[in-house]
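Everything on this sheet refers to the single structure shown next.
The values are calculated or read from the model by the stated rules, or taken from the named source; none is laboratory data. Remember, predicted model here, so these are calculated numbers, not experimental data. Cβ placement follows ideal geometry from the backbone for every residue including glycine, while neighbour counts extend to all protein chains displayed.
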Amino acid sequence: MRVAVKYKDYYEILGVSRSATQDEVRKAYRKLAKKHHPDVSKEKDAEARYKEINEAYEVLKDPDKRARYDALGANWEQGQDFTPPPNWQGGWQGGHVEFDMEGGFSDFFKTIFGGGFSDIFSGAGRGAGAHPMKRDAEVALELTLEEAAQGGVQTLLLRSGGEDRTLNVNLPRGIIEGSRIRLPGKAPGGGDVYVTLHLARHPVFECSGYDLTRTIKIAPWDAVLGGTVSVETLSGEVALKIPPGSQGGQRMRLRGKGLPKRAPNEAGDMYVRLEIALPRILTERQKELWEELAALG
C-alpha cells in the first residue's frame, strides 16, 4: 500500500526555475543557506527551513537525482498530497553520497529515493555482508570580512544523531564568498566534512571576490583643489590623495588593500567611491564666499 506524502517542489524551495543551470542552483542554495542557517537566523522555523533548503539542494545539485525527480513531472504543487506512480522504483543507484548533518530528510524524499540515507548506511537492500558507506557532510560557516582576512581557527558545532561534535576549522589565506574547506575523516563513519564559507554583510565594505569597495565623504574644497584624506582599510588607515577636480561617484583604487589571495604577499584591491559632502549650515562669511564663487562661475 502506497501512502500519500506531501510533495516537495525543490525548485520553488530554492527559488529557481526548472531550467536553472547548476551554477544558478548553487548560487541560490548558498544565498538561502546563509540566510536561514540556525546559528544566524532568528526565525522560529529557521532549522526546519534550513533542512528543507539542504534537501532541495541535495537533489538538484546532482544530475542523476535531479533527472529522477524531474521524471515525476511539473504539474505538482508544493504541499500537495503525492503518491508515487505504481511502477515507480525507489532506491539509490550507488555513487557518492553527501548529506546535511543538521537532520534527516522528509518522507517525500524517502519515498522518491527509497528510504533515505539510513538504508544505505545500514546496508539495507544491498545483500548480506554489505559494508556501510562513508558519509560526507556539507555544512556552512559564516565569517566576518575581518575573520576571512586575518585567518586563524574557527570552531564549528556539528549535530548528528543527537550528538554534538566540535571541530576546529583552520582558515587559510585566500578566502572569498563560497570558498570550501575539506576536513578529511571528520564526519561520522570516517567521511569528510565540506565547509562552505559565507561572508557576512559588512557595515562599511562591499565585497566582490578579493576586491572591496567603500564610500568616503570629502569636502567640496578637497574635490575642487585636491588634498589628502585618511581612509580606513581592513589592515588599518592609509592616506589617499584626492586629485583636483574630483567628482562625486568617482572611484579610486588602493592596490593590495582588498582580501588576501592564496599566494603570499598578494591581495585584491580596495576601491574608494567619493561622495562630496556639502555643508548644510553656513556662516555669513561662508555664504558670501559661495555667492562670490557663483558670480565668478
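Might you check whether a residue that is charged (D, E, K, R), at pLDDT 85 or above and within 15 Å of the chain's Cα centre (by Cα) occurs anywhere in segment 161-176?
no
Restricting to segment 233-247, and then to whatever is farther than 15 Å from THR213 by Cα and of a type in the set (A, V, I, L, M), can you tell me which residue is surrounded by the fewest Cβ atoms within 10 Å (Cβ to Cβ)?
Among residues in segment 233-247 that are farther than 15 Å from THR213 by Cα and of a type in the set (A, V, I, L, M), the one surrounded by the fewest Cβ atoms within 10 Å (Cβ to Cβ) is ALA239.
Where residues in segment 200-235 are closer than 30 Å to LYS31 by Cα, assigned to a strand (DSSP E or B) and not polar (S, T, N, Q), which of them is farthest from the chain's Cα centre (by Cα)?
ILE216
If I filter segment 179-199 down to residues being surrounded by fewer than 14 Cβ atoms within 10 Å (Cβ to Cβ) and within 21 Å of GLN154 (Cβ to Cβ), which single residue comes out as nearest to the chain's Cα centre (by Cα)?
Filtering segment 179-199 for residues that are surrounded by fewer than 14 Cβ atoms within 10 Å (Cβ to Cβ) and within 21 Å of GLN154 (Cβ to Cβ), the one nearest to the chain's Cα centre (by Cα) comes out as ARG180.
Could you figure out which of (1) over 13 Å from ARG214 (Cβ atoms); (2) touching a Gly at 6+ places or on another chain (Cβ under 7 Å); (3) part of a strand (DSSP E or B) isn't true of LEU274?
For LEU274, the failing item is (1).
Name the residues in segment 17-59 that are modelled with pLDDT of 85 or more, surrounded by 15 or more Cβ atoms within 10 Å (Cβ to Cβ) and in a loop (DSSP other than H, G, I, E, B), would you?
Scanning segment 17-59 gives a single hit, ALA20.
Kindly indicate whether any position in segment 286-297 is outside any helix (DSSP H, G or I) and modelled with pLDDT under 90.
Going through segment 286-297, the residues outside any helix (DSSP H, G or I) turn out to be 297.
Now drop any that are not modelled with pLDDT under 90, which leaves 297.
Yes - at least one qualifying residue is present in segment 286-297.
Could you please let me know if TYR29 is of a type in the set (Phe, Trp, Tyr) and under 11 Å from the mean Cα position of the chain (by Cα)?
Criteria met by TYR29.
Is it the case that some residue within segment 205-212 is small (Gly, Ala, Ser) and surrounded by 16 or more Cβ atoms within 10 Å (Cβ to Cβ)?
Going residue by residue through segment 205-212, those that are small (Gly, Ala, Ser) are 208-209.
Still in the list and also surrounded by 16 or more Cβ atoms within 10 Å (Cβ to Cβ): none.
Taking every residue of segment 205-212 in turn, none turns out to be small (Gly, Ala, Ser) and surrounded by 16 or more Cβ atoms within 10 Å (Cβ to Cβ).
Do the conditions hold for SER230, that is, is it hydroxyl-bearing (Ser, Thr, Tyr) and surrounded by 11 or more Cβ atoms within 10 Å (Cβ to Cβ)?
Here the answer is no, as SER230 does not meet what is asked.
Considering only residues of segment 21-43 that are among the hydrophobic types (A, V, I, L, M, F, W, C) and in contact (Cβ under 8 Å) with a residue 40 or more places away in the chain, which is nearest to ILE112 (Cα to Cα)?
Among those residues, the one meeting the criterion is ALA33.
Among the numbered conditions (1) in contact (Cβ under 8 Å) with a residue 24 or more places away in the chain; (2) touching a Ser or Thr at 6+ places or on another chain (Cβ under 6 Å); (3) of a type in the set (A, V, I, L, M); (4) more than 26 Å from TYR50 (Cβ to Cβ), tell me where LEU197 comes up short.
Checking LEU197 against (1) in contact (Cβ under 8 Å) with a residue 24 or more places away in the chain; (2) touching a Ser or Thr at 6+ places or on another chain (Cβ under 6 Å); (3) of a type in the set (A, V, I, L, M); (4) more than 26 Å from TYR50 (Cβ to Cβ), the one that fails is (4).
Filter segment 44-62 down to the residues that are out of contact with any helix residue (DSSP H, G or I) (no Cβ under 7 Å at 6 or more places or on another chain) and without any contact (Cβ under 8 Å) to a residue 40 or more places away in the chain, then identify the one that is farthest from ILE112 (Cα to Cα).
LYS44
Given (1) out of contact with any Lys or Arg (no Cβ under 6 Å at 6 or more places or on another chain); (2) within 15 Å of PRO260 (Cα to Cα), identify the lone condition not met by ARG173.
(1)
Those residues that are surrounded by fewer than 17 Cβ atoms within 10 Å (Cβ to Cβ) and either within 23 Å of PRO264 (Cβ to Cβ) or acidic (Asp, Glu) (or both), I need them from segment 213-222; list them, please.
Residues satisfying the conditions do not exist here.
Only one of these conditions is not met by LEU240: (1) in a loop (DSSP other than H, G, I, E, B); (2) within 26 Å of ALA149 (Cβ to Cβ); (3) of a type outside the set (D, E, K, R). Which number is it?
Failed condition: (1).
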